[in-house]
Structures are given as structure tokens and as C-alpha cells.
1. If you take every residue apart from residue A:18 with its C-beta less than 15 Å away from the C-beta of residue A:18, what net charge results, scoring Lys and Arg +1 and Asp and Glu -1?
2. To the nearest 20 Debye, how big is the dipole of the protein assembly as shown about its Cα centre, given +1 on the beta carbon of each Lys and Arg and -1 on that of each Asp and Glu?
3. For chain A, set up a Gaussian network in which alpha carbons nearer than 10 Å are linked by springs, and say which option among A:109, A:88, A:127 fluctuates the most.
4. Excluding same-chain residues fewer than 8 positions from residue B:52, which aspartates and glutamates have a Cα within less than 12 Å of its Cα?
5. As a test, work out the antiparallel percent of DSSP beta bridges whose residues both lie in the protein assembly as shown, rounded to the nearest 5.
6. So what's the Cα pair-distance distribution over chain B, bin width 5 Å, in %?
7. List the extent of the Cα atoms of the protein assembly as shown along each of their three principal axes, largest first, rounded to whole Å.
8. Would you look at the GNM of chain A, springs on alpha carbons closer than 10 Å, and say which of A:132, A:108, A:21 moves the most?
Amino acid sequence: MSTPRNYQTQAIILKQTKLGEFDKLLTIYTPEFGKLKAIAKGACRPKSKLGGNVEPLTHSLLLIARGRTLDIVTQSQMMDGFLELKGNLWRTSCGLYTLELVDLFTMENSASCSLFNLLLDTLHRLNANGSEEITLRYFELHLLDYLGYRPQLKQCVSCSSLLRPVVNSFSPRQGGILCALCAQTEPTAHPLSVDALKTLRLWESCDYNTARRVKLKPELSSELEQVLQGYLKYLLQREIKSAAWLEKLKLLRVDNNCGTN
Amino acid sequence: MSFVAEPVARLVKEFSKLPGIGPKGAQRLAYHLLRSSDEEARALAEAIVDLKEKIMLCSICFNITDRDPCPVCQDEKRDHSIICVVEKPSDISPLERTGRYNGLYHVLHGTISPAQGITAEELKIKELLSRLQGGSVKEVIIATNPNIEGETTALYLQHIIAPLGIRITHLARGLPFGAELEYADDMTLNQALEGRQEFE
């Protein structure tokens, strides 16, 4: 049986680049096919029927025609435009950070429905004005889990001994916690407080509603951010550009109140 | 062995570097110039050389110009208390065509795009802030494109200009003339409803 020429799919638009005068090359994440590239013809024209439906940070239903090299988006309907999020600089930047992570960590045509749902839920949470720090850390931890990089938090990743309630270390290279003894042989490991380890263990296994009940002090929040982003950067072997932008915004004291809504 | 004379092959190669021009198109242009008169060919060559030699950025608004400051910034009849901020030099001519705007401009030369590593430092934002320091500017119109990068830039500008106490506005958003309501996206419709106006 031949493959159908058209297919319909939900998609989160990860990024877009201009292609020629009026077209856009989209990178989208779908539940059935994973990451895809597709052309939105005429999307830059003011009267385009695709226009706003194929902007990054949008959840749309797309009808796509198979092309010889690249597929072509023929129809679109917005399912959620995350309007609250887009009216706020800090939350928009948080959303763009999640899109960049998914784009960097995924390969084309490698589907993961759980990853799609994680990204969609995260965007809904950012849109609903929740606690962005917890939302982002929960997203990072579960993204690592779905990609097969779940950090080992139960025992020492080197000697397998049970961890004592003292300051241990996190090794991005070995993908987990090192006991105080093993940490001496791993110079790149970051010290990890007991509270940070407990929080990571809880978030790894609980749902978001439980995760958001954790009261994060600024020091603990910053420690969790450093550990998780350090691990993500180690796996990617490159900087995460949107993370650097979020840092700049923090220095400018851009927070949740900066926006039009 | 090449079947085309070297000067023609060189011109074809140069034309094919231009956006939207493939090898066949480049060949067609080269042969067209070969057939055209010496004056026409020389006028084209001089126009290209002038473009690179005489064009510069205006030191005030950063629009492309052949004299510094540009005619818009020098024009005393224009309203110097309003600055319209645009992404790129080509955004100015559509605004000028309307004949409704009589203020000055400021060209950012890009938009903030965190994933591409383009942040405020890469744009002419610092220069915009120094223009606003004098106290003579009463309003800044943000005319970035209505897409995610344009909106991020607009929100950032709003954040850094607001403490100066200058009025900040942005171009109205909504349905373009000739569009169909049925196909409009949620964001556009939302903004069109918010910005609805009385019939005059």
C-alpha cells in the first residue's frame, strides 16, 4: 500500500527561518513523527492563511503534503497560541528556552509522544503564570528522562554505595551523584546540597502539581539550575543560547511583571 | 577546456552568488549584458561600485544613506520628538509611502532571537537609548514585525525605555486589508478585538 500524500498532525512550532521572499522553513515537533522540517509557502505574506499559526510557541493542527525533499504545510488551525505567555518578556523567553532544548536534543523523525506532551504541558504552565523556575527545572529533569539521560540520584554512580545525607557531588560526565569519597577523583563534579538532592529525587518521580508545592529558596533554585543546565550543556557539548539570554534578563531584573498583560 | 570566454564565465559566477539567481538565470543576465550597449553596461557597473563606495549608515538613525546625517534626520520640518523604531532599513519606505508619519526613525538592524544568540548587544539599542537621553523625545513608536522575535524585541524595548518616562506605543495589530476573518489566527483576532474602534 502506498503512503498517503497528505497527513494531519498536531505540532508545536519550534523555530522558523525565512526561505526566499515569502516562504518559511519550519521546524516542528509532532506526537506521531517527532521533529520534522516543513515549508510554509507564502507564510510571510500579510494575507497568508498560515501566518500566525506557524509562529514559534504555537500549538497548531497542520495538514501537510509529502514533498520530494521537504514536506509542505497546506492548511493550519491554531489550537493554542499561548497569548498570555507571548505578552510577557520573561515567560516568552522561558518558552523559547524549552523550544531550543527540544530542538537541540531531538533528531528528525524520531517520535516521542511523551516528549510532545511534556513540552505542551510546560508551555501551558508557562502560559498560566505559574512558578517559571520550577516549571523549567521540572521540564529539564523529565526531558533528560525521556531522552534516556535520567540522572542516577539513588546511589553513587561510581561505587554504587548508598548516599549519606551530606553534601555529595553531581557528575555530568557520569550522569549522576557521586559520594564524597568518589567525588575526590572527579574534578568536574559540582557539590550538591542535601536539599537539592531531595528536591531532584522528588521531582523525578512526582507529578507537576506535587512538584510545584516545593518552596524554593533563591539559593536552592540557583543550585538546581546550575546542576541541571551543567548536565544539559555537557550532553550537548555546547552552550544553550536561550539560557544565556535568560541570565541576561535576570541581571536586568526582568521578571514576570514585564509585559503588556 | 572551457567553452565560454573567461570574462563571461566570471560574470556568470558573480551573478549566481546573488540571492534567487541560479546558474541559468546568471547566464541569461550575462548574455543580456553582452548584447546591451557599452553605456548600459557601464551604468550598471558604476551603480554597483557607487553602492559600495558611497553608502553608509546614518550616525543618528542608522538608516542607509549617502550623506551623514541622512535627509530624514536633517529635515527641520519633521517632528523630532517622535522616533519610530524599525527592524531594518527597508521597513522605512512602506511607512513613508503612507504619508501619515512625520517623525524620525531608528533602525535596529535585526531583532532579538535568543536561540540564534542574537541579543540586545548585537542591535542598535544602546544607540537608541543615548538618543532618548536628551529629553527632547516625547514618544517612541515600536514598529517591529508582529512575530515572536519582533514581539520579544518590542517587550524588551518597553522594559528598558519605560524608566525614562517617555510615551511608548506600538503599531496597531489586527486584520490586514483584503484578509478573511475565517482564516485569521487567534492572536491576530484577539488583538483586532482589543484594538476595535468606533465608526467615525
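1. In short, 0.
2. The calculated dipole for the protein assembly as shown is roughly 800 debye.
3. A:109
4. Straight-distance partners of residue B:52: B:66.
5. Counting only bridges with both partners in the protein assembly as shown, antiparallel ones make up about 70 percent.
6. All Cα pairs considered, the percentages come to 1, 6, 11, 14, 13, 12, 11, 10, 9, 6, 4, 2, 1, 0, 0.
7. Principal axes ranked by extent give 86, 67, 50 Å for the Cα atoms.
8. Evaluated over chain A, the most mobile residue of the options is A:21.
Where a number appears in this text, it was derived from the coordinates with a stated rule and is not lab data. Every value quoted in this text rests on a predicted model; they were computed, and no experiment measured them. Note: ideal-geometry Cβ built from the backbone for every residue, glycine included; neighbour counts use all protein chains shown.
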